[in-house]
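Worksheet: the structure to be examined is printed underneath.
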Amino acid sequence: MNLKQILSVIDGRLISDSADLSTEVEMACGADLMSDVLAFTHSGTLLMTGLTNPQVIRTSEMAGIKAIVFVRGKNPPPETLALADSKGIPLMASHLTMYEVCGLLYASGLASCDIRERDAAARDGLGSGQASTGS
Amino acid sequence: MMGETQEAPVRKQPLIERAELTKVQELVYELRVEQVMTRDVITCTPDQTMSDLKEVLRLNRISGVPIVDQGQMVGMISVESLIKALEQGEADHLIGEKMTRRYQSVRADDTLAGAVALFARFKYGRFPVVDADGNLVGILTQGDIVRGLLRQLETLWHSEEIRRYRASHIFEDIESEQTTLILRYHVKAQDFVHGGEASSKVKRALERLGAHPQFLRRVSVATYEAETNIMIHSHGGEIIVEAQPNAIKVVAVDTGPGIEDVEQALLAGYSTAPDWIRELGFGAGMGLANIRSCTDRMQLTSVMGEGTRLEMVFDLTVGSGE
């Protein structure tokens, strides 16, 4: 699903000055706990969060998050915007709640960063973590 | 010579991606006309005939020339005027009678953005380029602009490639019994505005060293969790990265206060973080568990009143591309 389709599904708007709306994301994760984002996402994930501090961008940079949706109509402060801009991570916002945004995107077919899937992949030596050294 | 877009196929360039498109937008404001124009201008004089002009255009495969009389530019003439003259059997007429005296020129010190606007407005195939005194110094076609931009992009692209190449060959280029590259970053306590910068720099450095994306993500996530721990819980500390050909070791050390019960700290979900840290999305007691799952080996040691030392080792498997 690309960012343009996502914006239309969640009735959202683009906050970043410019972004390539044809950017594709493969899966999504809703979290307000940054450690969960670091632990359970994969590269190429869309992040939905209610947090707007710059650490959200740092976390996304490290975890390889492709784009971020701020839920509940939250507006990020300028330092968050500036950091996202310098890291090339597009920011979007929706006035809907976390539950609604996640529900709408899931119903539209956007996959989740499934923990069970991840564990299974790690056992097969494909996922992140210790098992991936051989990959 | 004057270049027209169709005269030679443009060399194959790497795919232009979004970041580079933005770069092109920047470049049209940075580059000046004189940096991309053709300097060796082919000209005619007013006393040559239209038949002479036909030969000049044909031999040079161009579609228009400036007309110069005793060093001074006096007009422009294009292939359209030539066709019209040939149709009417005026091949022996003088260029001076047929040329356009009121021509549009572009200044050598104009930006490419200005030149692009002129092309859009006037639909001419070329503009004579003049200096501040009105002297003809070159000629500019849209092909010159495209070639100039591509040349500049390629230069930028090459310099990043060279940077990457040099970094990724450091272990081969420098001979020793054991080569270790040590990177050191300071981490301030409670500084959530700049927090994460060390990890960001570690990530970029390892990228330039040629680390595989999956491997890079493991090191980045673990380093960031460790940096966050220093920020939240300590009086400040350092991240030290030791890059070796077969492994990356990241050491996070702080100057106290130390962890009372290391065993307990390693349990998933155990946290001593205050509420304001939790409001920032951290402090759920998952950091060390995350670090453990990203590393191949980790060791946590702590002395109350002195500080904590976390060693994380990431093995590079030979031949894996990591």
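The values are calculated or read from the model by the stated rules, or taken from the named source; none is laboratory data. Just so we're clear, the structure is a prediction, and the values are computed from it rather than from any experiment. Please note: Cβ atoms are built from the backbone with ideal geometry, for glycine as well, and neighbour counts cover all protein chains shown. Just the protein is used for accessible areas: all its heavy atoms, side chains included, with ligands, DNA and RNA removed. Shrake-Rupley method; radii C 1.70, N 1.55, O 1.52, S 1.80 Å.
For the range B:203-215, a tally of residues being more than 17 Å from B:Y165 (Cα to Cα) and more than 7 Å from every other protein chain (Cβ to nearest Cβ) returns 1. Find the helices (runs of 4 or more DSSP H) located wholly in the range B:111-198 whose residues include 2 or more that are assigned by TED's automatic domain parsing to the domain that holds B:I62, and list them. By residue number, B:112-122, B:142-168. Taking the condition of being more than 13 Å from chain A (Cβ to nearest Cβ) and of a type in the set (A, V, I, L, M, F, W, C), how many residues in the range B:183-202 meet it? Summing the residues that are more than 13 Å from chain A (Cβ to nearest Cβ) and of a type in the set (A, V, I, L, M, F, W, C) in the range B:183-202 gives 2. Count of the range A:1-60 residues, restricted to those that are hydroxyl-bearing (S, T, Y), assigned to a loop (DSSP other than H, G, I, E, B) and open to solvent by 10 Å² or more (accessible area, probe 1.4 Å), is 6. What number of residues within the range A:61-83 are open to solvent by 20 Å² or more (accessible area, probe 1.4 Å), facing chain B (nearest Cβ under 8 Å) and touching a Gly at 6+ places or on another chain (Cβ under 9 Å)? Residues flagged as open to solvent by 20 Å² or more (accessible area, probe 1.4 Å), facing chain B (nearest Cβ under 8 Å) and touching a Gly at 6+ places or on another chain (Cβ under 9 Å) within the range A:61-83 amount to 2. If you go through the range B:284-299 one residue at a time, do you hit one that is of a type in the set (S, T, Y) and open to solvent by less than 30 Å² (accessible area, probe 1.4 Å)? Yes, the range B:284-299 contains at least one residue that is of a type in the set (S, T, Y) and open to solvent by less than 30 Å² (accessible area, probe 1.4 Å).
Taking the listed residues B:I62, B:I67, the one that is part of a strand (DSSP E or B) and surrounded by 14 or more Cβ atoms within 10 Å (Cβ to Cβ) is B:I67, with no other qualifying.
Got at least one residue in the range B:253-272 being crowded, with 21+ Cβ neighbours inside 10 Å and either of a type in the set (D, E, K, R) or within 37 Å of the chain's Cα centre (by Cα) (or both)? Yes, there is a match, as at least one residue in the range B:253-272 is crowded, with 21+ Cβ neighbours inside 10 Å and either of a type in the set (D, E, K, R) or within 37 Å of the chain's Cα centre (by Cα) (or both).
With a requirement of 2 or more residues that are within 14 Å of chain A (Cβ to nearest Cβ) and touching a residue at least 12 places away in the same chain (Cβ under 8 Å), the helices (runs of 4 or more DSSP H) lying completely within the range B:222-301 that satisfy it span B:287-294. Of the residues in the range A:45-68, none is under 30 Å from B:T228 (Cα atoms) and at pLDDT below 90. Specify the residue that is farthest from the other protein chains (Cβ to nearest Cβ); the eligible residues are those in the range A:33-48 that are under 21 Å from A:H95 (Cβ atoms) and touching a residue at least 40 places away in the same chain (Cβ under 8 Å). Step by step, filter the range A:33-48, then rank; the result is A:L46.
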